[in-house]
Amino acid sequence: MSDAKRRSPAARRKKVRLTLVLCGTLFLAAATALTLSALQENVTFFFGPTEVTEGKVPQGATFRIGGLVEVGSCHIREDGVTREFRITDGSNAVLVTYAGLLPSLFRDGQGVVALGQLDTGHSTFVAKEVLAKHDETYMPTEVVEAMKRAGTWKGDESVAEIEASGTSDPCKAKA
Amino acid sequence: MIAELGHYALTLALGVALVQAILPMVGATRGDARWMAVAVPTALVQFALLMFAFLALMHAYVTSDFSVLNVVANSHSLKPMLYKISGVWGNHEGSLLLWVAVMALFGALVAIFGRNLPPGLKARTLSIQATITVGFLLFMVLTSNPFERVFPAPLEGRDLNPLLQDPGLAFHPPMLYIGYVGLSIVFSFACAALIEGKVDAAWARWVRPWTLLAWSFLTGGIALGSWWAYYELGWGGFWFWDPVENASFMPWLVATAMLHSAIVVEKRDTLKSWTILLAIIGFSLSLIGTFLVRSGVLTSVHAFASDPERGVFILMLLAVSIGGSFALYAWRAPSLSGGGLFRPISREGALVLNNLLLTTAAATVLLGTLYPLFLELLTNDKISVGPPFFNATFVPIMIPLFVALGVGPFLPWKRADLTPVLRLLITAFVFAVAVTVLAGIVIWGQQAYALLGIAVSAWLVGSVVTEIYRKIRPTRSIGFGQAFGRLLNLPRAAWGMSAAHFGIAIVVAGATGASLLTTERIEAVRIGETVEVAQFDFTLTSVTQVPGPNYMATRGEFTITPRDSGTDQSYILEAENRQFLSNGQVTTEAAIRSFSWYDLYAVLGEPAGQGRYTVRLYFKPLVPWMWAGTIFMVIGGFLSLSDRRLRVGAPKRSAAAPNATPPNAPSPSAHPAE
């Protein structure tokens, strides 16, 4: 402290500024390190049903899958908790299971995105989360992209088509 | 007819805003008092016109005028009145109209209450405010006219998204907008100060109330949105790190930082260009948020319209205002002279640390929000960055902030010694340890991370109480009666700070309970069956059909009894599923009962076969504290705003000699006695 006292105000001001800049840089560096490591571990990729059936998903990865709920595919299993439905892009479909309540906007023919993993047999997608929190005319962009890649996207027509064929009923229990 | 008048008022407002943007600025440059004086009447007229336009649109909604396209798309004659009104801002065009109306409101407020502002600063501030408004008004008039007619007029409207028909959400957008847009006036002040080349203690004192006002509303708006998500989406979550949530959270973080750095400018005449930079960044983040939400680049419930033409326009607006202000900053900021000196361990140092941590946090949130966009542009990979990313980056930055927050308010200005301050805080530390140990016993076997949140929360509570105690009884010689008298005489700004910091403490506790200590059960039950959730028995007693005003509800009644209490007391919870008549959309109305220490939360699902219903039940400890905490923060903001010092105090530039410490608040100062 006595050191600083002897210096001129300009020099002291410089020192204060230097300290601030150093601290700031240090924080930014720490934050960057945190962010980079977090980005490596916590980013989830998106795949369409066709890519999943073609085996393009890395083993054991948590990812998001998106598409349309295949009309009439959804039902509740015996246990009363697990929902089962197929997500389709028009050419391929993947079976999805989810233990819990589906979002209230979930219904036949609706665009949907689910987060989870493939089970060990690589046939079923076990969802931790199902997102369909958009309005009834909304189509997630990922789903559109996936359908374009699968070659089944026909513009807004395809949405209208599916909507017309779908009932407004959500999941039903098996009789 | 009224709709046409509204449209006319909107267009007229554009003209008035243009005059307000140009004449006062030219006048200020030339030193022409009459040209500068144009700013005040134009600001008032512009506000009156936009308010008229806003009320005209509201009139169309209230009377269900289905010849207006906007009303057709977003309203329905059967809708309850509250949602007819909230429908006005529940869509793209209407929300923009609200945005410009609030911008004009802030301009008018400065025009009215800024009588003792130096004329040059006032003229420039109002001119810049009007310039931004011109941009938004052009956007509205050219691409998003809320008064567009439709012919022939349909008999019935398409209704507002039922998810948005909710009291919490009716007030969420206006509050959030007052916060968002309130930052625009701070931005205008900053740019005006840069043009003038003068930032001093008086400037900080003029700007701080506006920041406080915007911050308080932003806090309230974000909390309302979070509360809505908690009870309406039926997942029991309160924050999803959704890009749109982040869009409102980033300006909040920066505004919080600015609130603190402006104190340093005011008291110590230093950190000036940093504070200006924060003001610019804060509003820029508001604009970026608007762009992200409105352009449809990111999709979410909030994206009303994904129209590329609109996106490009907002992007241009963004480029001009952010680019322009940063260029101005780069050009003028070096001329701002530095002021008071301070050591790293001092009140200034603590506030700098606060600023560094808050802005770093805002930067990580920004990166997490934009990273998926960048990656998609570069590699075409679709990714999402979800809660795990933010938990891994945001939380580690917040913990040191909260620990330091416990110490900061005790440090004197200029230079401080940590030892006596830490000695003062021993009680708070012991309190935190005791609470943590106790909590550890109660939640034994659950998430150990939760203890960290509880420890931080208890530490902050201890520190806030110690801080008030130190203020009213700095030495032993002061008796308790006298100390009580001093308690009543504490300046409101001191109470404001304590309330806001206390609010943060209990928000931390609530968030910890909600995210780490919740018990969730998802089961299929028949009527009469019971599910155990933590220490409670949830019994589904009945499921009935109940008609609502514009929906049909399936109502499930749950009876809840505490298991080990020995009493017969029980609670009834009624959860509903509502099917809306206009479009068949279904919403979930969770049943929530709040107690002082926890929430009980029940959701009724669809029939699951064999006479069963799927139900989702929660025991959520500490969650009510989260909402109480945000109320404390908002109250803190308004208390501080009502402080005498800001109401009548110094806004006289002559009072603030450069480099002088303005007189501190009266005797009970925040300094420790040493």
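The values are calculated or read from the model by the stated rules, or taken from the named source; none is laboratory data. Everything quoted here is computed from the prediction, not taken from an experiment. Cβ sites come from the backbone with ideal geometry, for glycine too, and all protein chains shown count toward neighbours.
Numbers at a glance
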item: Options B:GLY605, B:GLY584: the member that is under 27 Å from A:PHE106 (Cβ atoms), surrounded by fewer than 16 Cβ atoms within 10 Å (Cβ to Cβ), within 37 Å of the chain's Cα centre (by Cα) and within 11 Å of another protein chain (Cβ to nearest Cβ); result: B:GLY584
item: Matching entry among B:VAL433, B:VAL464 (being outside the structural domain of B:ALA534 (by TED's automatic domain parsing), in contact (Cβ under 8 Å) with a residue 24 or more places away in the chain and part of a helix (DSSP H, G or I)); result: B:VAL464
item: Qualifying residues in region A:27-55 (those that are outside any helix (DSSP H, G or I) and within 12 Å of another protein chain (Cβ to nearest Cβ)) - the one farthest from A:VAL96 (Cα to Cα); result: A:VAL43
item: Test result for B:PHE394, out of contact with any His (no Cβ under 8 Å at 6 or more places or on another chain), of a type in the set (Phe, Trp, Tyr), within 22 Å of B:ALA499 (Cα to Cα) and at pLDDT 90 or above; result: no
item: Tally of residues being out of contact with any Ser or Thr (no Cβ under 6 Å at 6 or more places or on another chain) and either more than 14 Å from every other protein chain (Cβ to nearest Cβ) or among the β-branched types (Val, Ile, Thr) (or both) across region B:608-625; result: 6
item: Filter pass, A:ILE76 being within 19 Å of the chain's Cα centre (by Cα), modelled with pLDDT of 85 or more and of a type in the set (A, V, I, L, M, F, W, C); result: no
item: Cβ-Cβ under 6 Å pairs, at least 6 apart or on other chains, region B:193-217 side polar (S, T, N, Q), far side in a helix (DSSP H, G or I) and at pLDDT 90 or above; result: B:THR211/B:VAL186; B:THR211/B:MET258; B:THR211/B:LEU259; B:SER216/B:VAL634; B:SER216/B:GLY637; B:SER216/B:PHE638
item: Where a residue in region B:80-96 is closer than 14 Å to B:ARG310 by Cβ and its partner, wherever it lies, is aromatic (Phe, Trp, Tyr) and not in a helix (DSSP H, G or I), with Cβ under 7 Å and at least six apart; result: B:ASN91/B:PHE304; B:HIS92/B:PHE304
item: Within region B:590-602, considering residues that are surrounded by fewer than 19 Cβ atoms within 10 Å (Cβ to Cβ) and outside any loop (DSSP other than H, G, I, E, B), the one nearest to the other protein chains (Cβ to nearest Cβ); result: B:ARG593
item: Those residues of region B:322-362 which are under 25 Å from B:CYS191 (Cβ atoms), more than 12 Å from chain A (Cβ to nearest Cβ) and touching a Gly at 6+ places or on another chain (Cβ under 8 Å), in sequence order; result: B:ARG332, B:SER335, B:LEU336
item: Residue match in region A:75-85 (condition: of a type outside the set (Gly, Ala, Ser), in contact with a Ser or Thr (Cβ under 9 Å, 6 or more places away or on another chain) and more than 12 Å from chain B (Cβ to nearest Cβ)); result: yes
item: Yes/no for B:GLN482 being assigned to a helix (DSSP H, G or I) and either free of Cβ contacts under 8 Å to residues at least 12 places away in the same chain or of a type outside the set (D, E, K, R) (or both); result: yes
item: Some residue of region B:528-537 being in a strand (DSSP E or B), out of contact with any Cys (no Cβ under 6 Å at 6 or more places or on another chain) and polar (S, T, N, Q); result: yes
item: Matching residues in region B:402-418 - criterion: being surrounded by fewer than 19 Cβ atoms within 10 Å (Cβ to Cβ) and either out of contact with any Asp or Glu (no Cβ under 9 Å at 6 or more places or on another chain) or under 29 Å from B:PRO621 (Cβ atoms) (or both); result: B:VAL403, B:ALA404, B:ARG415, B:LEU418
item: Boolean, B:VAL352 is of a type in the set (A, V, I, L, M) and in contact with a Leu (Cβ under 8 Å, 6 or more places away or on another chain); result: yes
item: Subset of region A:86-103 [surrounded by 16 or more Cβ atoms within 10 Å (Cβ to Cβ) and within 14 Å of another protein chain (Cβ to nearest Cβ)]; result: A:ASP89, A:THR97, A:TYR98, A:GLY100, A:LEU101, A:LEU102, A:PRO103
item: Only one of B:VAL365, B:VAL312 that is part of a helix (DSSP H, G or I), under 30 Å from the mean Cα position of the chain (by Cα) and within 12 Å of chain A (Cβ to nearest Cβ); result: B:VAL365
item: Positions within region B:467-479 being surrounded by 12 or more Cβ atoms within 10 Å (Cβ to Cβ) and in contact (Cβ under 8 Å) with a residue 60 or more places away in the chain, in sequence order; result: B:GLU467, B:ARG470, B:LYS471, B:ILE472, B:PRO474
item: Odd one out for B:ASN550 among (1) in contact (Cβ under 8 Å) with a residue 40 or more places away in the chain; (2) out of contact with any His (no Cβ under 9 Å at 6 or more places or on another chain); (3) surrounded by 18 or more Cβ atoms within 10 Å (Cβ to Cβ); (4) outside the structural domain of B:PHE632 (by TED's automatic domain parsing); result: (2)
item: Considering residues of region A:62-74 that are touching a strand residue (DSSP E or B) at 6+ places or on another chain (Cβ under 8 Å) and not β-branched (Val, Ile, Thr) only, the residue nearest to the other protein chains (Cβ to nearest Cβ); result: A:ARG64
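So that you can scan it fast, the table gives a plain yes or no per residue for (1) aromatic (Phe, Trp, Tyr); (2) crowded, with 24+ Cβ neighbours inside 10 Å:
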residue: B:LEU169; (1), (2): no, no
residue: B:SER184; (1), (2): no, yes
residue: B:GLU196; (1), (2): no, no
residue: B:TYR231; (1), (2): yes, no
residue: B:ASP242; (1), (2): no, no
residue: B:LEU278; (1), (2): no, yes
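Residue by residue, here is whether (1) under 14 Å from B:ASN145 (Cα atoms); (2) of a type in the set (S, T, N, Q); (3) buried (at least 18 other Cβ atoms within 10 Å of the Cβ); (4) at pLDDT 90 or above holds:
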site: B:GLY27; (1), (2), (3), (4): no, no, yes, yes
site: B:VAL40; (1), (2), (3), (4): no, no, yes, yes
site: B:MET51; (1), (2), (3), (4): no, no, no, yes
site: B:HIS59; (1), (2), (3), (4): no, no, no, yes
site: B:LYS79; (1), (2), (3), (4): no, no, yes, no
